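Engineer: Attaching a single structure in C-alpha cells format; questions to follow.
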Number of protein chains: 2
Amino acid sequence: MPSYTANTRDMQFVLHELLKVSQSGVPGYEEMEPDFTEAVLDAAAKVSSEVLAPLNAVGDTEGCVLENGIVRTPKGFKAAFEAMKDGGWTALDCDPEYGGQGMPYVLNCAVGEMFVSANMAFNMYQGLTHGAYSAIHAHGTAEQKAKYLPKMVSCEWTGTMNLTEPHCGTDLGMMRTKAEPQEDGSYKITGQKIFISAGDHDMAENIIHLVLAKAPGGGEGTKGISLFIVPKFLVNDDGSLGARNPVSVGKIEEKMGIHGNSTCVMNYDGATGWLLGDLHKGMRAMFTMMNEARLGVGLQGYAVAEAAYQNAVLYAKDRLQGRAVTGVANPTGPADPLIVHPDIRRSLMDQKSFLEGARAFTFWGAHLIDRAHKAGDADAEGLISLMTPVIKGFLTDKGFETAVLAQQVYGGHGYIEEQGMSQFARDARITMIYEGANGVQALDLVGRKLAQDGGKHVMAFFEMIKAECKAHDGDERMKPFTDALKAASKQLQAAGMFFMQNGMKNPNAALSGSYDFMHLMGHVCLGLMWTRMAQAAHAALDGGATDKDFYEGKIATGRYYMARQLPACAMHLARIESGADPVMSLAAEQF
Amino acid sequence: MPSYTANTRDMQFVLHELLKVSQSGVPGYEEMEPDFTEAVLDAAAKVSSEVLAPLNAVGDTEGCVLENGIVRTPKGFKAAFEAMKDGGWTALDCDPEYGGQGMPYVLNCAVGEMFVSANMAFNMYQGLTHGAYSAIHAHGTAEQKAKYLPKMVSCEWTGTMNLTEPHCGTDLGMMRTKAEPQEDGSYKITGQKIFISAGDHDMAENIIHLVLAKAPGGGEGTKGISLFIVPKFLVNDDGSLGARNPVSVGKIEEKMGIHGNSTCVMNYDGATGWLLGDLHKGMRAMFTMMNEARLGVGLQGYAVAEAAYQNAVLYAKDRLQGRAVTGVANPTGPADPLIVHPDIRRSLMDQKSFLEGARAFTFWGAHLIDRAHKAGDADAEGLISLMTPVIKGFLTDKGFETAVLAQQVYGGHGYIEEQGMSQFARDARITMIYEGANGVQALDLVGRKLAQDGGKHVMAFFEMIKAECKAHDGDERMKPFTDALKAASKQLQAAGMFFMQNGMKNPNAALSGSYDFMHLMGHVCLGLMWTRMAQAAHAALDGGATDKDFYEGKIATGRYYMARQLPACAMHLARIESGADPVMSLAAEQF
C-alpha cells in the first residue's frame, strides 16, 4: 500500500525563500514566520500521514453506497472527518467572525496540498464545503451568514455546488432547473442536477446545497440564472434543524476514480430555497469564486501526482532489477536498484521537476489571491485571473501525466490495484475534467484572459520575466535558467502575436491553438518559478546554508526542467503557427 | 454504451493502395486481391460489432472470478469464444498442416485490430494461444507439434506464456522456478509465476502453459533458462486428456483494466513438463517470437484507442453545447454540436491522424514480417527487428494518450464508468507495461537495435526516407509532407550521431535519451507512412477515384500530422542533446 509523507521542507522553501511571505507586507501575514508555518505544516503532515493516507485505498475499494436514499461513506471516513473538525483543519483560512482561524489562503493551500496527496476523495467533502462557505460569505445577507457559516466553518454542516444538468455542463445557458418565487420570499426549486460531489453522505448533520436555477423574468441563456441556498434540512431561526427539504439523491455515479467521494444525481422536487446574492446574477456570483476553485483543482492535479511520485521513488530505490550500464552498483545484491537506470531517472526527474515547479506556481498563485483580497492589489487580481486557467489546465494535464509516469516505474505491479498506483492515475484523471474541462480553460485563457483590461496583465507578465532575466545579467550560474526562460518567453510572445494578427480575421485561427498556448504558458510559468527558485537556492548556499543537499538538488532539478521541459515550447509554437487550416479542414462527415 | 464499427475502408486502403500486397510477390499473398480481403474483413467486422463489442463492458464490469480453484469468465464469453472457433477466426494465419488457414500475417493483423478494438480482454485468450502456438511451431519436435498444435489452432485448447516471477520481470536472470529432469525425459517444474494472462478460464478443455524455468547445469543468469510445455491436463498418446497436472491458480489479480482477462498467479508444484527446443536456450526460443508479440501489443495500443476515438466522434456530433465562434451552425437547435469547436477538432485530429498513421505503420510491420518469414527477406527481418520496439513503445504510449483524449471529449460524462470511455483508457494503459515496459523497449532500440549488424538497418531506413522524398521532388502537392519528413529525419539522424559521439565514453549519455529517441523515431515512421499515404491518395484522385471524400480527407489528415505532430521531433532532439548530466546529477538520496 502506498505511503505519503508531506514534503514540508520544500513547502517552507517556497513560502519563505521564494515568496518571502513574512516580508511581503500583506495584511494577515503578520504571523507567517518560518517557525509558525513550520508548526502548522508539521501538524497537518501528521494528520495527513496518520489519519488520511491510510484511508485512501479504503475509499477507493469500498466507495460510497446509496442505501435507502442515504449515502454511506467508506469505513473510517466518519471518524477521520471528526478528527479533521476537532483539529480545526476545516476552518483554517475562514473568517474569525464565523469561527474561522483567519489564516492566509496560501497557508491553507499548503495544508490542502497535503490533505489531497493523502486522500483526495476524502478532502473533497471539506473542499466543497469551503466553496459553498466562500459563496455565502461573499454574497449572503448578514442573516444568511449568521445562520449558515458557523456550522459550515466547523463542517458540522457541509456544502455542495449544483451547476451541471444532464444536457448541459459548459453551456449553462440551457439550464432547466426552475425557481418559483413564493409569497414568503423563498423559492420552490425543481429540477435535476448531476455530478454533485459530496451531494449526500453520513458525516454531517446537514448539507447546504447551492443551486443554480432559472427564476422568472431573467431572460434567455445564462442571464436568467440565479443562485439559491437549499439546505437538506431546513434551518429554524434558533439554528435547530427543521423539516426535511424535498431534495433527494437519484443515484451515485460509478466513476473511474475518487470513489471515496459521493458523486450524486440530485433531484429537487419543489425544494425550498433562498436567493443568494442578486436575482438573475447567479453566474456572476459563481464567477467570483472561480479563481480559488480552479486553483484548488490545479493543486489537486499535482498533489495526487506528488503522492504517486513519492511511492515511485521508494519503489525505484527498493526494487532490484538489472545492472547499471556503467558498472555494478550493488555488488552484494542479486541486482541493482531501478534508480541506477537512466530511463528511470529520466522519468523521476520529469516528475520531480514538474512537481516542485507546480508547487511554487500554485503557492505563488495563492499568494496573489491573498494580495488581491487582503491588500486590495488590483494588479495581483489581474495577474491571478490570467494565470488561473493555466494553473488549472496545465497542472492537471501534467499532474495526470506525472501520476502515469510514476505508475510506470512499477512495471507490471503498477497495473495491479493492490499496489495503489492505479488509484493515483484514476483519481488524478478527474482534475482535467471538472471545474471546467481543460479545453474550456484554454478557451478562457485565449478567448478572454489575454485581452482582459486591454492585455495589461499579460504584458505585465512579460515585463516580469524580462526583469527577472535582467536581474541575473552576467551571472554565469543563472545563465542556463535565464537563457531558456528568455527563449520560451519569446515563443510565448510570438504565439500571442500570431493570435492578434490572425484571430480578428478568423477566430478559429486563435482557438485552434488555444490548448497549445495554455501548455506553452504553463512551461513559461514553471520556467519563471525555477529561475526564481534557483536564485533563492544559490543565495542560501552563498549565505552558508548547511542543508547543501537540498539546495544543490533544487538547482539541479531546475536545470533539468529548463533543459528537458522548456523545449516543448517551440513545439507548441509550431503547432499554434500552423493555424486553423489543418485543424478545421475536414467536414464533420469525414471523421 | 460505446459502439464499434471496423474501419474496413481504411484497412483496404492500407493493404492495397499503400502496401499493394497483391503485387508484392510474397509467397502466400496470391489470394490477397481486394475482393478477397474485403470479404474477410467484412466478415470479421460483423463478428467484432455483433459478438465481441457488446461483451466489452460486461467483461469490464463482471471481471473474472476464481471459484474452487477454477476461473470463471464473464457472462457471454464462452458462447462468444465458441463463435470465434466456429468461424475459424483463431486459425487464420496458422499452418494448414495443423488445421490453420495459412493466410498472411498482415491479414491476421487487420482482423486482430478489429477484435482488439471490439474487446481487447476477450481477444487475449486467443492471442496468448497464438503466441504459444508459434513457440511450439518454431521449436517443437514433430511429436510435440502433432500432439498440441491442432487443438491450439482450433482453440479447443488455449495457451499461456509464463515468464515473470514476483521478484523478477525484466531481469529474468534472477528466475527461481526450477526444472528437475526425470528418468522418462520429462521434468518436474516447481515455482511461482505471476501476471499470467489467460492463466486459467472455463472456455477450453485444456490449457498449454509454456514455462521458463532453470534446469541444472545451465549456469548463472539467463543462460540457465529453458522453456517447457506444461499442460493443465496431461495429454495421452491418443490425444485424450489424462491426469490433472499439479499446476494451480494462486489468485486472480485485481487490475486497472482488461478485467475480462484472467491475470493469474500460477503455482507449479512439481508439475510435469517437457522441454521445448534446446536445453538452456529458453530465452532464445522466446526471443524468436518477440517481434510478433511486441507488434501485437503495439497494435493493441492503437486498436483500443480506435474504438475510443469512434465514440468520441459520435459524441462530438451528437452533444449540443455552446455556439460556434464563427457563427451559429445549428440554428434550429438549442446549441451547436461539440464538433464545431476548434479545440474539439484539435483533439479529434490528433486522434485521427495518429490512428491512421499507426494502422499503416503496424500493417507495414506485419508485411515486413511476412516478407521475412515467407520470402526469407533478410533486409525485411533486419528492418522489422529495428522497428519492433518503436511499434510497441510509441504506439502504446500514443494509443493510451489517444484514448485519454477521446475520453476528454465527453467532459464529465467521460469519467462515468457507464459511458465506457474510462474502460478504453484503463485497458489501453496495460499495453505500455506488458511485453516489456516501454522504457525497456527504448533501451532495446538504443542499446541494441541501432547498432545491430553494424547499424545497417537504421542506415537503410534513412536511405528509404531519402528515396521517398527524392521521388516527390518538384511535386508541390507533396511538399508539406516531404519538407516535414526531411526535417524530422535529419533530427533523428542528429540524435543517432549524438549517441555515437557520446555513448562510447558514457553509456548514460545515450540511455538518458533513449525514451525520447523512441518517440522521435516513432514520429519519423508515422511521417513516412503519411507521406506514402498522401502519395497514394493523390494517385487515386488523379486516377479519377469517385470516393473523393475519403482521399481528400486522407490528405488533409496527413497534413495535420506533418504540421502538428512532427514538431515534437525537435523537442525530443533537444532533450536528447542535453545529455546525461541533467538526468543523472542527483544522488539517490536527493529524490
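Engineer: Measure up B:LYS317/B:LYS392; A:LYS78/A:LYS251; A:LYS85/B:LYS255; B:LYS78/B:LYS251; B:LYS223/B:LYS449; A:LYS392/B:LYS317 against 24 Å on the Cα-Cα distance and list the ones that go over.
Structural biologist: Those over the limit are B:LYS317/B:LYS392; A:LYS85/B:LYS255; A:LYS392/B:LYS317.
Engineer: Suppose we consider the axis relating copy B to copy A; can you name the residue of B with the nearest Cβ and state that distance in angstrom as an integer?
Structural biologist: B:MET571, 2
Engineer: So with the 1.4 Å probe, I'd like the accessible area per residue for the range A:8-139, rounded to whole Å².
Structural biologist: On the way: 4790 Å² over 132 residues.
Per-residue accessible area for the range A:8-139 comes out at 36 Å².
Engineer: Which whole-Hz ³J(HN,Hα) couplings does the range B:47-52 yield from phi under the Karplus relation 6.51 cos²θ - 1.76 cosθ + 1.60, θ = phi - 60°, glycine and proline marked x?
Structural biologist: 4, 4, 6, 8, 9, 7
Engineer: Taking the Cα centre of the range A:446-584 as the origin, how large is its charge dipole in debye, to the nearest 20, when only Lys and Arg (+1) and Asp and Glu (-1) carry charge on their Cβ atoms?
Structural biologist: Value, rounded to 20: 280 debye.
Engineer: Tally Lys and Arg at +1 and Asp and Glu at -1 over the other residues with C-beta under 12 Å from the C-beta of B:VAL458: what net charge comes out?
Structural biologist: +1
Engineer: Which entries of B:LYS188/B:LYS281; A:LYS479/A:LYS554; B:LYS151/B:LYS281; A:LYS145/A:LYS281 have Cα-Cα distances beyond 23 Å here?
Structural biologist: Too far apart for the 23 Å limit: B:LYS151/B:LYS281.
Engineer: Accessible area drop of at least 40 Å² (1.4 Å probe, protein heavy atoms): which residues of the range A:318-337 qualify, relative to the chain alone?
Structural biologist: Correct list: A:ARG319, A:GLN321, A:VAL325, A:THR326.
Engineer: So how strong a dipole does chain B carry about its Cα centre when Lys and Arg Cβ are +1 and Asp and Glu Cβ are -1, to the nearest 20 debye? Working shown, then result.
Structural biologist: On the way: 52 positive and 68 negative charges, 260 e Å.
In debye, rounded to 20, chain B gives about 1240.
Engineer: With a sphere of radius 12 Å drawn around the Cβ of B:ASP397, what net charge do the other residues whose Cβ falls strictly inside it have (Lys, Arg +1; Asp, Glu -1)?
Structural biologist: On the way: positive: B:LYS392, B:LYS398, B:ARG429; negative: A:GLU401, B:GLU401, B:ASP516.
Summing Lys and Arg as +1 and Asp and Glu as -1 gives 0.
Engineer: Further question: So for the pair B:ASP581, A:MET500, with labels modelled 7 Å out along Cα→Cβ, what separation do we get in nm?
Structural biologist: Reported label-point gap for B:ASP581 and A:MET500 is 3.7 nm.
Engineer: Let me ask something else about it. May I ask which residue of B:MET464, B:VAL524, B:GLN452 lies farthest towards the positive end of the charge dipole of the range B:446-586, with charges of +1 (Lys, Arg) and -1 (Asp, Glu) on Cβ and the Cα centre as origin?
Structural biologist: Positive-end residue among those listed: B:GLN452.
Engineer: Using +1 at the C-beta of Lys and Arg and -1 at the C-beta of Asp and Glu, which of B:GLY99, B:SER347, B:HIS137 has the Cα lying farthest in the positive direction of the dipole of the protein assembly as shown?
Structural biologist: The residue sitting most towards the positive pole is B:SER347.
Engineer: Also, quick follow-up: Leaving out ligands and nucleic acids, and using a 1.4 Å probe, what accessible area per residue does the range B:289-436 come to in Å²?
Structural biologist: Spelled out: the 1.4 Å probe surface of the range B:289-436, per residue, equals 24 Å².
Engineer: Using a 1.4 Å probe on the protein chains only, how many percent of the accessible area of the range A:164-210 belongs to carbon and sulfur?
Structural biologist: Heavy-atom surface of the range A:164-210 belonging to carbon and sulfur, 1.4 Å probe: 45 percent.
Engineer: Taking both sides together, what accessible area is buried at the B/A interface, probe 1.4 Å, expressed in Å² and rounded to the nearest 100?
Structural biologist: Working: alone 24120 and 24070 Å², together 40510 Å².
It comes to approximately 7700 Å² buried between B and A.
Engineer: While we're here: Taking the Cα-to-Cβ direction at B:VAL65 and at A:ASP473 and moving 7 Å from each Cα, how far apart do the two end points lie in nm?
Structural biologist: My value for the distance between the label points is 7.5 nm.
Engineer: Keeping the other protein chains in place, figure out the carbon and sulfur percent of the accessible area of the range B:428-556, with a 1.4 Å probe.
Structural biologist: 56
Engineer: Hey, another quick one. Dividing the convex hull volume of the alpha carbon atoms of the range B:446-586 by its residue count, what do you get in Å³ per residue?
Structural biologist: Spread over its residues, the Cα hull of the range B:446-586 gives 106 Å³ apiece.
Engineer: What is the packing order of peptides B:382-390, B:511-519, taking the mean over residues of other C-beta atoms within 10 Å and listing the highest first?
Structural biologist: Highest-to-lowest ranking by the protection proxy: B:511-519, B:382-390.
Engineer: Please give the per residue accessible area of the range A:461-591, computed with a probe of 1.4 Å over protein heavy atoms only, in Å².
Structural biologist: Working: 4960 Å² over 131 residues.
With the other protein chains kept in place, the range A:461-591 gives 38 Å² per residue.
Engineer: Could you sort the residues of the range B:395-411 by number and keep only those whose accessible area is reduced by 50 Å² or more in the all-protein-chain setting relative to the chain alone, 1.4 Å probe?
Structural biologist: Residues meeting the cut-off: B:GLN408.
Engineer: Here is a follow-up. Could you go through the range A:385-401 in sequence order and give the Karplus-derived ³J(HN,Hα) for each residue, using 6.51 cos²θ - 1.76 cosθ + 1.60 with θ = phi - 60°, rounded to whole Hz, and x for Gly and Pro?
Structural biologist: Using θ = phi - 60°, the values come out as 4, 5, 6, 3, x, 6, 4, 5, x, 6, 5, 7, 4, 6, x, 4, 4 Hz.
Engineer: Any idea what the dipole of the range B:8-139 comes to, in debye rounded to 20, about its Cα centre with Lys/Arg Cβ at +1 and Asp/Glu Cβ at -1?
Structural biologist: Roughly 460 debye, rounded to the nearest 20.
Engineer: Suppose R0 equals 45 Å. What FRET efficiency, 1/(1 + (r/R0)^6) with r the Cβ-Cβ distance, do B:GLU156 and B:SER24 give to the nearest 0.05? Write down the numbers at each step before the final one.
Structural biologist: Numbers: r = 34 Å, r/R0 = 0.76.
Efficiency, from the Cβ-Cβ distance: 0.85.
Engineer: Also, I was wondering about something else. Using the Cβ atoms and a cut-off under 13 Å, what net charge is assigned to the surroundings of A:LYS178, where Lys and Arg are +1 and Asp and Glu are -1?
Structural biologist: Within the 13 Å Cβ shell, the charges total +1.
Engineer: Let me ask another. Would you list, by chain and number, the aspartates and glutamates whose Cα falls below 15 Å from the Cα of A:LYS232, excluding same-chain residues fewer than 8 positions away?
Structural biologist: Correct list for A:LYS232: A:GLU156, A:ASP200, A:ASP202, A:GLU205, A:ASP269.
Engineer: Next question. Positive end of the charge dipole of chain A (Lys, Arg +1 and Asp, Glu -1 on Cβ, about the Cα centre): tell me which of A:ASN438, A:LEU573, A:TRP274 has its Cα farthest that way.
Structural biologist: It is A:LEU573, whose Cα lies furthest towards the positive end.
Engineer: Let me ask something else. Could you derive backbone 3J(HN,Hα) for the range A:377-384 from the dihedral phi with the Karplus parameters 6.51, -1.76 and 1.60 (θ = phi - 60°), listing whole Hz in sequence and x where the residue is Gly or Pro?
Structural biologist: Values per residue, Gly and Pro as x: 7, 5, 5, 4, 4, x, 5, 5 Hz.
The values are calculated or read from the model by the stated rules, or taken from the named source; none is laboratory data. Computed from a prediction, not measured in an experiment: that's the story for all the values here. Every residue, glycine among them, receives a Cβ derived from its backbone with ideal geometry; neighbour counts consider all protein chains shown. SASA here: full protein model, heavy atoms, side chains in, ligands and nucleic acids out. Shrake-Rupley method; radii C 1.70, N 1.55, O 1.52, S 1.80 Å.
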